[in-house]
Amino acid sequence: MSVFTRGIAFAWLSLVGASPAFCQSTPALHQIDSTGHAPAIRLEMSPRSEAATWWKRTIRQHLLDFSDRENEGDDTRNLIVVDPVVESFVGTIRPRAEGSDPQPIWDNIRGARFQAIIDNRWHIGGELLERQGVAEPLLGLWAVRNQIPGWGRSKLGKDNAFNTAQQAYFDVSQTRGWVGWEKGQWSLDAGIDALHIGAGRSSAFLSQQAVPAPYARASHAGETHRTSIWSTRWMSDRRGPLGETAESLLERTRAVFATHQWFATDHLILQWMGSHAWETTTQTVPEGWESVGFLPGTTYRPIRTLTGLEVQYHHRFNSEQKLVFYAQQTWDVGFQKRKSIGPSFQAIWPFTSVIGLNGAWKSWTTRLEYAHQSTAHCRDCWDYLNSGVSGPMRAEIMNGGLSLHGLWRQSLRFEAGGTLHGRWNAFGIVEMNDQANHWLIRLQYKLQDVWPLYLIGSAGKVAITEPLNSITIPEYSLLQLGLAAGILGWK
């Protein structure tokens, strides 16, 4: 492998992306077990096609293959493939109010996915994506806050228009990438990604909707256990103090995570999680906190310590049918040691709760899930023994202004998906949350297996009950039609 080619490969280390709609997709979904653990080596690479014509090879293999191999033998040392990532659709929303005209919506995701094995040792993957569109109002509730779930901070508006929730033009980009290594029971990986934890879509630890962040992780696995520890950094949507630059930088939060999974029996899995986060920007103590041990004018860094537990019960009917029941709970462990006034203080608050049921029947999967986030998620409502006395701010469990535990404070969601016949797939969701009630049905026809490439069509209905921003379209139906390539997971 030439030095130039090797340089290109490593330049792609930081290039990764996210998925459509309200979440990011996760590469190699079938490799992620019920605990949510993404392995350090998680590539999806197919062999070259031996078809006689170029167009048959194109529909049976990766779009571009730069591997330095003459055949598919075991001595191949460097594999490099690139696939497109596209999801483009057009559609309309039709407000329920009489006399309302349909409004056009569209969404365009475009980019590329890179995968490589270097020297038969280092596994590398990445994506670079861009996304623009005119959002339907449920997504528009977030777009007007310059946030796209699963993606992070975004731009809003175009030509001094399209900047309301009911007609929001958004523009966002994202990178995600990783490099992984395994030897025996040990594995190391690092990059930019959202490391999901738990069996659910939402999570009391880290959800599938979290915005990717830089991380470095080490894991050790045995026959009945696995332990991981990693460090990460999140970005706030708040500006810090004005420094030497023309515009102040966004505030940052650093965090360390540790998880331990114990595969107790064929039916029972226990997972523990602990994390500690601290903001990099210091805060100044105001007047009025003397009674709880803080002197005015002193500085501190907002911190937050979480611990949590997940219990999973697996019941298998046969090789193709099984049920997984899971329950997760995290607690905010507040601790403040006072050096000058008063005694130390410690309290524990429930933080996030998730309970759900996953089912698998041959070619179909279903999930029923309830998630709830407590008021302890707030940043500046510290309460000492419910005395009503305020205190230091708490570090946010957020990245890009979006919660790492899920989109909604409270939600009940049912989803199902699978194969209808041949290359026809169907997916559906019904969700009730603290902002809206909605359902969506999506049909897909697979055109190519490796990327993969689909024709897609969707229909749904949304009733916004408590909008995050003022909106004049509280109830509407929607239709979508388009093409998707390289989207590995639909949630």
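The values are calculated or read from the model by the stated rules, or taken from the named source; none is laboratory data. Source: prediction; values computed, not measured. When we count neighbours, we look across all protein chains shown, and the Cβ atoms used for this are built from the backbone with ideal geometry, even at glycine. Heads up: the accessible areas ignore ligands, DNA and RNA and are worked out on the full protein's heavy atoms, side chains in. Shrake-Rupley method; radii C 1.70, N 1.55, O 1.52, S 1.80 Å.
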Worksheet item: Which residue pairs have Cβ atoms under 6 Å apart, sit 6 or more places apart or on different chains, and have a first residue in region 229-243 that is farther than 30 Å from GLN271 by Cα and a second that is open to solvent by 90 Å² or more (accessible area, probe 1.4 Å) and at pLDDT below 85?
Response: GLY240/LEU249
Item to complete: Out of ARG94, ARG113, report the one residue that is of a type in the set (D, E, K, R), in a strand (DSSP E or B) and under 23 Å from LYS461 (Cα atoms).
Response: ARG94
Discussion item. Checking ALA216 against (1) modelled with pLDDT under 85; (2) surrounded by fewer than 18 Cβ atoms within 10 Å (Cβ to Cβ); (3) of a type outside the set (Val, Ile, Thr); (4) under 24 Å from LEU402 (Cα atoms): exactly one of these is not met. Which one?
Written reply: (1)
Fill in: Residue, nearest to PRO39 (Cα to Cα), within region 95-109, restricted to residues that are of a type outside the set (Gly, Ala, Ser) and surrounded by fewer than 16 Cβ atoms within 10 Å (Cβ to Cβ)
ASN108
Worksheet item: Is it the case that TRP178 is open to solvent by less than 50 Å² (accessible area, probe 1.4 Å), more than 26 Å from ILE41 (Cβ to Cβ) and among the aromatic types (Phe, Trp, Tyr)?
Response: no
Worksheet item: Just to be sure, is TYR326 assigned to a strand (DSSP E or B), in contact (Cβ under 8 Å) with a residue 24 or more places away in the chain, open to solvent by less than 60 Å² (accessible area, probe 1.4 Å) and over 25 Å from SER187 (Cα atoms)?
Response: yes
Practice prompt. May I ask you to list the residues in region 249-271 that are under 21 Å from the mean Cα position of the chain (by Cα) and small (Gly, Ala, Ser)?
Written response: ALA255, ALA258
Worksheet item: Is it true that VAL81 is crowded, with 21+ Cβ neighbours inside 10 Å, β-branched (Val, Ile, Thr) and at pLDDT 85 or above?
Response: yes
Worksheet item: If you go through region 158-170 one residue at a time, do you hit one that is farther than 20 Å from GLY401 by Cβ and in contact with a Ser or Thr (Cβ under 8 Å, 6 or more places away or on another chain)?
Response: yes
Practice prompt. Restrict the check to region 265-273 and report whether at least one residue is modelled with pLDDT under 95 and assigned to a strand (DSSP E or B).
Written response: no
Practice prompt. Would you mind stating whether ARG304 is of a type in the set (D, E, K, R) and either open to solvent by 10 Å² or more (accessible area, probe 1.4 Å) or assigned to a loop (DSSP other than H, G, I, E, B) (or both)?
Written response: no
Discussion item. Going residue by residue through region 118-128, is there one that turns out to be out of contact with any Pro (no Cβ under 6 Å at 6 or more places or on another chain), open to solvent by less than 10 Å² (accessible area, probe 1.4 Å), within 30 Å of ASN78 (Cβ to Cβ) and at pLDDT below 90?
Written reply: yes
Worksheet item: Only one of these conditions is not met by GLY198: (1) closer than 30 Å to THR330 by Cβ; (2) free of Cβ contacts under 8 Å to residues at least 60 places away in the same chain; (3) crowded, with 24+ Cβ neighbours inside 10 Å. Which number is it?
Response: (2)
Worksheet entry | VAL430 touching a helix residue (DSSP H, G or I) at 6+ places or on another chain (Cβ under 9 Å) and either part of a strand (DSSP E or B) or under 19 Å from GLY200 (Cα atoms) (or both) | no
Item to complete: Determine which member of the set ASN146, ASN160 is without any contact (Cβ under 8 Å) to a residue 24 or more places away in the chain and farther than 13 Å from ALA40 by Cα.
Response: ASN160
Worksheet item: Restricted to region 155-175, and to residues that are small (Gly, Ala, Ser) and surrounded by 21 or more Cβ atoms within 10 Å (Cβ to Cβ), which residue is farthest from ASP107 (Cα to Cα)?
Response: ALA165
Worksheet entry | Residues located in region 387-432, provided they are polar (S, T, N, Q) and surrounded by fewer than 19 Cβ atoms within 10 Å (Cβ to Cβ) | SER387, SER390, GLN410, THR419
Response to the item:
Flagged in region 272-294 as within 20 Å of ARG238 (Cα to Cα) and either within 20 Å of the chain's Cα centre (by Cα) or open to solvent by less than 10 Å² (accessible area, probe 1.4 Å) (or both), in numbering order, are ALA277, GLU279, VAL285
